[in-house]
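The values are calculated or read from the model by the stated rules, or taken from the named source; none is laboratory data. These figures come from a predicted structure and were not determined experimentally. Every residue, glycine as well, gets a Cβ built from its backbone with ideal geometry; the counts of neighbours run over all protein chains shown. Side chains included, ligands, DNA and RNA excluded: accessible areas come from the protein's heavy atoms. Shrake-Rupley method; radii C 1.70, N 1.55, O 1.52, S 1.80 Å.
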Amino acid sequence: IYANWRDAWGEETTQSFCTALQTAPPLCLAILGNRDQWLEEAAKQGVTAVKGEISSHAVLLPTGTHVPSLPGFAGGAFSVMDQAAQMAVLALHGNHSGTLLDICAAPGGKTSLLAHRFPKAGILAVELNGKRIPRLKENLTRLRQHHVQILQANGLQLPLPDQSVDAIILDAPCSASGILRRHPDAKFLHDQQSIHALADNQTKMLAEALRVLKTGGALIYAVCSIHPQENEHIVEDFHPLRQQRLYPSQHHDGFFWAYIQKT
């Protein structure tokens, strides 16, 4: 993995984020309301928290913070999601009021932020793994996201007609190379061959998502991987209008997203 990254970005850049990948990540929340008010309430309760630097919804807390005891937990004031992942949802602009599709939705962080940003839209959360759906339902219930419907389906074969969806977030299965500090065993679970297999699957999922997207609609392709094979190499033939790779840092995970408009 190191040699792959070094050849792509150089030794100095790679060393910097490899150091970050060896440190415990902070707890990051996506505040689904007024962030400043939440921080004031947290301070009254003696909770140490600071604003995230890249997401307007993000709040960072010390590693190991007990989430259910935080202010507003029971009332759905926030979801747990790294601010790099939040950026993929924030990349979707506009006043969407049609059908928005979140593919590979569990555990529901991106779904909840999507539903918060577009309350007039019909959110359809697609998840294949039946064992993850109860957690998805539980999170959406706590967050009061009642206009979200859950559909158990394979992202490679969506049970939806052509051009039936207004916008899509595709959080594709990946090697998790950007979040190795959260899943350190992941670096032993994939090699070049498996990365190519993942990339092939990601390309097929992207093509299937575009099938159901309306002409003129927007699609966000997102992965918590920083391998070029799962990033630019996937989207280059689809001519993204914007894209961003976030290297792992002390304050956020490694992540990649691209904004594609169907023409």
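Does W9 satisfy the condition of being surrounded by 17 or more Cβ atoms within 10 Å (Cβ to Cβ) and not acidic (D, E)? So that I can check it myself, show each step before the final result.
Details: surrounded by 17 or more Cβ atoms within 10 Å (Cβ to Cβ): no; not acidic (D, E): yes.
So W9 fails the test.
Considering L180, L170, which residue is open to solvent by less than 30 Å² (accessible area, probe 1.4 Å) and out of contact with any strand residue (DSSP E or B) (no Cβ under 9 Å at 6 or more places or on another chain)?
Sole residue among the options that is open to solvent by less than 30 Å² (accessible area, probe 1.4 Å) and out of contact with any strand residue (DSSP E or B) (no Cβ under 9 Å at 6 or more places or on another chain): L180.
Aliphatic (A, V, I, L, M), in a loop (DSSP other than H, G, I, E, B), open to solvent by less than 30 Å² (accessible area, probe 1.4 Å) and closer than 24 Å to Q83 by Cα: which single residue out of I260, I226 fits that description?
The match here is I226.
Out of all the residues in region 122-139, is one or more surrounded by fewer than 18 Cβ atoms within 10 Å (Cβ to Cβ) and in contact with a Lys or Arg (Cβ under 9 Å, 6 or more places away or on another chain)?
Checked region 122-139: no residue is surrounded by fewer than 18 Cβ atoms within 10 Å (Cβ to Cβ) and in contact with a Lys or Arg (Cβ under 9 Å, 6 or more places away or on another chain).
Is region 240-249 home to any residue that is touching a residue at least 40 places away in the same chain (Cβ under 8 Å), small (G, A, S) and over 22 Å from H96 (Cα atoms)? Step through it out loud before you land on a result.
Taking region 240-249 as the starting set, the residues that turn out to be touching a residue at least 40 places away in the same chain (Cβ under 8 Å) are 242, 244, 246-249.
Checking which are small (G, A, S) leaves us with 249.
Okay, now just the ones that are also over 22 Å from H96 (Cα atoms), so 249.
Yes, some residue in region 240-249 is touching a residue at least 40 places away in the same chain (Cβ under 8 Å), small (G, A, S) and over 22 Å from H96 (Cα atoms).
What number goes with the only condition from (1) within 19 Å of the chain's Cα centre (by Cα); (2) open to solvent by less than 80 Å² (accessible area, probe 1.4 Å) that T23 does not pass?
(1)
Residue check, H239 against (1) open to solvent by 60 Å² or more (accessible area, probe 1.4 Å); (2) on the phi < 0 side of the Ramachandran plot, all met but one. Which one?
Tallying (1) open to solvent by 60 Å² or more (accessible area, probe 1.4 Å); (2) on the phi < 0 side of the Ramachandran plot, H239 fails exactly one: (2).
For region 190-210, name all the residues that are farther than 15 Å from H233 by Cα and open to solvent by 70 Å² or more (accessible area, probe 1.4 Å).
First, pick out the residues of region 190-210 that are farther than 15 Å from H233 by Cα: 190-191, 193-194, 208-210.
If the condition is that a residue be farther than 15 Å from H233 by Cα and open to solvent by 70 Å² or more (accessible area, probe 1.4 Å), then D191, Q193 are the ones that fit.
Residue check, H252 against (1) part of a helix (DSSP H, G or I); (2) over 20 Å from A125 (Cα atoms); (3) touching a residue at least 40 places away in the same chain (Cβ under 8 Å); (4) within 17 Å of the chain's Cα centre (by Cα), all met but one. Which one?
Failing condition for H252: (1).
Could you list, in sequence order, all residues of region 30-74 that are surrounded by 12 or more Cβ atoms within 10 Å (Cβ to Cβ) and among the small types (G, A, S)?
Passing the criteria: A30, G33, A42, A43, A49, G52, S55, S56, A58, G72.
Tell me which residues, restricted to region 112-144, are touching a residue at least 40 places away in the same chain (Cβ under 8 Å) and of a type in the set (S, T, N, Q).
Matches in region 112-144: S112, N139.
Restricting region 149-161 to residues that are open to solvent by 20 Å² or more (accessible area, probe 1.4 Å) and of a type in the set (A, V, I, L, M, F, W, C), which is farthest from N201 (Cα to Cα)?
Step one: filter region 149-161 for residues open to solvent by 20 Å² or more (accessible area, probe 1.4 Å), giving 149-152, 154, 156-157, 159-161.
The next check asks that each one be of a type in the set (A, V, I, L, M, F, W, C); those that pass are 150-151, 156, 160.
On the way: I150: 22, L151: 20, L156: 8, L160: 19 Å.
This residue is I150.
Hey, can you tell me all the residues within region 45-91 that are within 16 Å of A222 (Cα to Cα) and of a type in the set (D, E)?
D82
Residue by residue, here is whether (1) modelled with pLDDT of 95 or more; (2) hydroxyl-bearing (S, T, Y); (3) over 16 Å from A167 (Cβ atoms); (4) crowded, with 20+ Cβ neighbours inside 10 Å holds:
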{"site": "S79", "(1), (2), (3), (4)": "yes, yes, yes, yes"}
{"site": "A84", "(1), (2), (3), (4)": "yes, no, yes, yes"}
{"site": "V89", "(1), (2), (3), (4)": "yes, no, no, yes"}
{"site": "H93", "(1), (2), (3), (4)": "no, no, no, no"}
{"site": "S97", "(1), (2), (3), (4)": "no, yes, no, no"}
{"site": "L100", "(1), (2), (3), (4)": "yes, no, no, yes"}
{"site": "I103", "(1), (2), (3), (4)": "yes, no, no, yes"}
{"site": "T111", "(1), (2), (3), (4)": "yes, yes, no, yes"}
{"site": "K120", "(1), (2), (3), (4)": "no, no, no, no"}
